[in-house]
Amino acid sequence: MSSSERGPDRLDWRLAVLALALPLGGCFEPLYGEAFHPGLAAEMRAIAVAPIKDRIGHYLGDDLQADLNGSGDTPEPKYRLTVTVSLGTATPTVTSQLQVANAATVTANTTFTLTPAGGGTALMTGSAISAAVYDRTEDRFANLRAARDAEIRLAKTIAGEIELRVAAYLGERK
C-alpha cells in the first residue's frame with residue numbers, strides 16, 4: 001500500500017480531532033484571572049512601583065508597571081512595591097588560544113516588598129533570582145551591547161516572576 005492511498009484517512013482523522021477540540025478552546029481560564037478571583041485585576045492596577053536604583057532598574061520598573069497595570073489607567077495606589085536588585089557577572093568559559101572568555105552569565109538577585117500605600121508593615125516579601133547568558137567577542141562595543149541585552153532579558157523575566165507572586169498573594173486574600 002502506498003502512502004498516497006493512506007493520505008486521506010490520516011487527514012480525515014486529523015480533521016475529526018480538530019473538530020472535537022475546537023469547542024473546548026474557550027473553556028480555559030487564566031490561573032489568576034477575573035473569573036476565579038473577581039477584582040484581582042483592579043488590585044494589581046492599584047500597585048505603585050517605587051523607583052529601582054540599579055543599572056537595570058529602569059527596564060525592570062517599566063516591565064513591572066506594564067505587567068501589573070497594562071491598561072494605562074492610573075488609579076489611586078493601594079499598595080507600594082519596592083524592589084532592590086544586585087547584579088553579578090561570571091565568565092565560565094575561556095578559550096585556550098586567546099585566553100579570553102567567549103561567554104558570560106549575568107545573574108540578578110532581587111528582593112521585593114509589598115506594603116500598603118499609606119505605609120505600615122510589609123504585607124509580603126519575596127525574592128527572585130534569574131540568569132541570562134550572552135556571547136562575548138573581541139569587539140568591546142559588541143560585548144557591552146550583548147551584556148545590556150542580557151540585562152533587559154533578565155528584567156523581563158524577573159518582572160514576570162514578581163508579578164506572578166504578587167498576583168498569587170493578592171488572589172489568596174480575596
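Where a number appears in this text, it was derived from the coordinates with a stated rule and is not lab data. All of these numbers come straight from a predicted model, not from anything done at the bench. Methodologically, a virtual Cβ is constructed for each residue, glycine included, from the backbone with ideal geometry; neighbour enumeration extends over all protein chains shown.
Observations on the structure shown:
- The fewest-to-most ranking of Thr121, Thr157 by surrounding Cβ atoms within 10 Å reads Thr121, Thr157.
- Region 32-173: C-alpha gyration tensor shape, a/c 1.5 cut-off, then a/b vs b/c: prolate
- Spacing of the modelled spin labels on Leu123 and Thr137, each 7 Å from Cα toward Cβ, amounts to 4.7 nm.
- As a proxy for reagent exposure, ranking Val100, Val106 by other Cβ atoms within 10 Å from fewest up yields Val100, Val106.
- Put in order of Cβ neighbour count within 10 Å, fewest first, the listed residues Phe141, Phe112 become Phe141, Phe112.
- Backbone N under 13 Å from the Ala90 label point (7 Å along Cα→Cβ), restricted to region 99-126: 104-109
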